[in-house]
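Colleague: Below is a structure I'd like to ask you about.
The values are calculated or read from the model by the stated rules, or taken from the named source; none is laboratory data. All values reported here derive from a predicted model rather than from experimental measurement. Here Cβ is always computed from backbone atoms with ideal geometry, including for glycine, and neighbour counts include all displayed protein chains.
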Amino acid sequence: MPERIAVFGGVYSNYLALEATCRDALSRGAESLYCLGDLGAFGPHPDRVFPILEKYRVRTIQGNYEESLSRRSRDCNCGYTDPRDNQFAQISFDYTAAKTSESSKDWMGTLPRELRLSFGGFQTLMAHGSPRKINEFLWYSTSPVPFLSRLLELHPADLLLVSHTGLHWHRRLPGNRHVVNVGAIGRPANDGRREVWYALLTSGTDLDVRFIPVEYDFKTLIHEMKEEKLPAEFIQTIRTGWWTTYLEILPAKERAAGRF
Amino acid sequence: MNIPDTLEHPLVPLLALDTLWFQVAGTICNLRCTHCFISCAPDNHSHEMMTLDAVGRYLREAATLGVREYYFTGGEPFMNRDIFPILEATLQVGPATVLTNGLLLDPNRAARLRALSDASDYSLDLRVSLDGWGPRDHERIRGRGTFRRAVVGIRNLWHAGLNPVVTVTELADGVASSHGRERFLVLLRSFGLTRPRLKILPLFRIGAEEKRGRPYHRWERLAKDDLIDPERLQCGSGRMVTSRGVYVCPILIDHPSARMGESLSDSLRPFELSFSACYTCHVMGVTCRT
């Protein structure tokens, strides 16, 4: 029997998109839901995310945000290199740290850093950034086949699922092995669309990987972001689908695909 | 002085060979910049141009080691007659970045680069150096007439649909401060780059820069007990290939003891951080990567 799972990452406190994603995944027959971390950042009211994860029994691993919040660190350890990007990251982190309850932060510390399971015969490994580093960015245009093959040899798996970048992609490797970046459901994928994306995986003789766009109540999100005085640049991204921040970390191809 | 001394120094392991550099134009350059850490010049043949065959051999070995990304530098890479086939071969196995002074980037070359980029799944990135706010600063380092020509090269890339990363050394007065950085972005926008990309690099007090600025002080070295972080040092995840073999990093190719062997597999052992330039990387958290 084929199995079907839904995997997403980068919730970024967008509890409205999280609810919509979980519903959509169940309506498409997903038997289990997985979240690859970064529950907070960017959006409003971080504590609204946790009851939804519980309600839909989402198996969740730690992202760099959960690591930093549970350790009571001073920054998100997002891995940005540009001063402007880091300024925005700090605004997000300070807001999220102040608005996340202590018990939620403690719970984040109990989350595993990776998950291993057998999915339809595929030895599957889930990690936040990469199996070797929680905040490593695996972009499509800078994650070549030989490099990904080496990662899967050092961290044995036929199917690797990651997130952290916010952009979804799937690369097939020799020997019916696969790497999938499931993207983020907290903000659009810098494609000029307001929907957010998650991955729906169906096992069979071949692995079927589909990326599903999800509509959600972005107007309410924008209203609440304004009420919480979150940066106008973040709101612009939610409204337009184009990234306005964290651009300097993008490789040339991914940068060229956006508007800014 | 950048010569190794007799003290003991920290050893940095190669965590993984993620980044492979090619000194694709050797030390041969159409400029003679006064801050160049390897004194590149039209007549400096310490390291020769690399051929497509030589680069291809290393690319094949690199693929077996799972290299993630490739960088090309010199000298001036576009002086290498094989640079386009070299980039084409590279972009079949991974992403490539070329460091250039921009002088040879005419509209025809810019269009060919765009075509190479479009034909690959992997990113092709260009980095063009500017050394100041205008002709006066830039040309004091790089020679007469070079500022305008570099800006023309940058514009040609932009018009071809490639958005280069403009690289500035800290010689540009105040550029490292947030205000200076913002001013530089304004300058780039004035060239027509509506989405400017910028990287700022520190200076290494070796090569020509040792004479232009000052040499390292004796104390500017790492001692055995200094806590180093291999994740922040480029020698923790990269190596440099030149016509003369594999070196630990792009900075130290003038030093025989920084040569680690003929093949990449010879170069995977730890490296002792005995040079003063290692101190700059450690203190500044420098990586030559973008």
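Colleague: I need the full set of residues from the range A:147-162 which are surrounded by fewer than 24 Cβ atoms within 10 Å (Cβ to Cβ) and in a helix (DSSP H, G or I), in order please.
Modeller: Listed by number, the residues that qualify are A:148, A:149, A:150, A:152, A:153, A:154.
Colleague: Mind counting the residues in the range A:2-51 that are part of a helix (DSSP H, G or I) and either touching a strand residue (DSSP E or B) at 6+ places or on another chain (Cβ under 7 Å) or of a type in the set (Asp, Glu) (or both)?
Modeller: Residues that pass the stated criteria total 8.
Colleague: While we're looking at this one, here's another question. Taking the range A:63-94 as the region of interest, how many residues are at pLDDT below 95, closer than 16 Å to residue A:134 by Cα and among the basic types (Lys, Arg)?
Modeller: 0
Colleague: Just to be sure I understand, how many residues within the range A:102-134 are farther than 18 Å from residue A:31 by Cβ, β-branched (Val, Ile, Thr) and surrounded by 14 or more Cβ atoms within 10 Å (Cβ to Cβ)?
Modeller: 1
Colleague: Given the range A:163-260, what strands (runs of 3 or more DSSP E) lie entirely inside it while holding 1 or more residues that are away from chain B (no Cβ under 14 Å), among the basic types (Lys, Arg) and within 29 Å of residue A:31 (Cβ to Cβ)?
Modeller: Working: elements: A:169-173, A:177-181, A:196-202, A:208-214.
By residue number, A:208-214.
Colleague: For the range B:49-71, give me each residue that is farther than 18 Å from residue B:99 by Cβ and among the acidic types (Asp, Glu).
Modeller: Selection gives B:53, B:61.
Colleague: I would also like to ask the following. Starting from the range B:1-27, take each residue that is under 24 Å from residue B:85 (Cα atoms) and at pLDDT below 95 and list its partners that are in a loop (DSSP other than H, G, I, E, B) and not acidic (Asp, Glu), counting only C-beta distances under 9 angstrom and pairs at least six apart or across chains.
Modeller: From residues that are under 24 Å from residue B:85 (Cα atoms) and at pLDDT below 95, there are no pairs.
Colleague: For the range B:194-215, how many residues meet the condition of being in contact (Cβ under 8 Å) with a residue 24 or more places away in the chain and within 14 Å of another protein chain (Cβ to nearest Cβ)?
Modeller: Adding up the residues that qualify gives 7.
Colleague: Turning to a different aspect of this structure: Which condition number does residue A:121 fail, the rest of (1) modelled with pLDDT under 95; (2) in contact with a Ser or Thr (Cβ under 6 Å, 6 or more places away or on another chain) being met?
Modeller: Every listed condition holds for residue A:121 apart from (2).
Colleague: Give me the residue from the range A:56-101 that is among the β-branched types (Val, Ile, Thr) and part of a loop (DSSP other than H, G, I, E, B) and, out of that set, surrounded by the most Cβ atoms within 10 Å (Cβ to Cβ).
Modeller: Among those that are among the β-branched types (Val, Ile, Thr) and part of a loop (DSSP other than H, G, I, E, B), it is A:100.
Colleague: Next up: I'd like to verify a number: residues in the range B:64-87 that are facing chain A (nearest Cβ under 9 Å) and either at positive phi or within 11 Å of the chain's Cα centre (by Cα) (or both), how many?
Modeller: So the first thing to find is which residues in the range B:64-87 are facing chain A (nearest Cβ under 9 Å), and the list is B:64-69.
This time we only want the ones that are either at positive phi or within 11 Å of the chain's Cα centre (by Cα) (or both), so: B:66.
Residues flagged as facing chain A (nearest Cβ under 9 Å) and either at positive phi or within 11 Å of the chain's Cα centre (by Cα) (or both) within the range B:64-87 amount to 1.
Colleague: Residue A:151 - would you say it is facing another protein chain (nearest Cβ under 10 Å) and either within 20 Å of the chain's Cα centre (by Cα) or hydroxyl-bearing (Ser, Thr, Tyr) (or both)?
Modeller: On the way: facing another protein chain (nearest Cβ under 10 Å): yes; either within 20 Å of the chain's Cα centre (by Cα) or hydroxyl-bearing (Ser, Thr, Tyr) (or both): yes.
Taking the combined requirement at face value, the residue satisfies it.
Colleague: Right, next: Specify the residue that is nearest to the other protein chains (Cβ to nearest Cβ); the eligible residues are those in the range B:121-149 that are of a type in the set (Asp, Glu) and surrounded by 22 or more Cβ atoms within 10 Å (Cβ to Cβ).
Modeller: B:125
Colleague: Which numbered condition trips up residue B:118, out of (1) within 14 Å of another protein chain (Cβ to nearest Cβ); (2) of a type outside the set (Phe, Trp, Tyr); (3) touching a helix residue (DSSP H, G or I) at 6+ places or on another chain (Cβ under 8 Å)?
Modeller: (3) is the only condition that residue B:118 fails.
Colleague: If I ask for residues that are part of a helix (DSSP H, G or I) and either more than 10 Å from every other protein chain (Cβ to nearest Cβ) or touching a residue at least 12 places away in the same chain (Cβ under 8 Å) (or both), which ones from the range A:124-146 would you list?
Modeller: Selection gives A:140, A:141, A:142, A:145.
Colleague: Given the structure, is residue B:174 on the phi > 0 side of the Ramachandran plot and out of contact with any Ser or Thr (no Cβ under 9 Å at 6 or more places or on another chain)?
Modeller: In short, yes.
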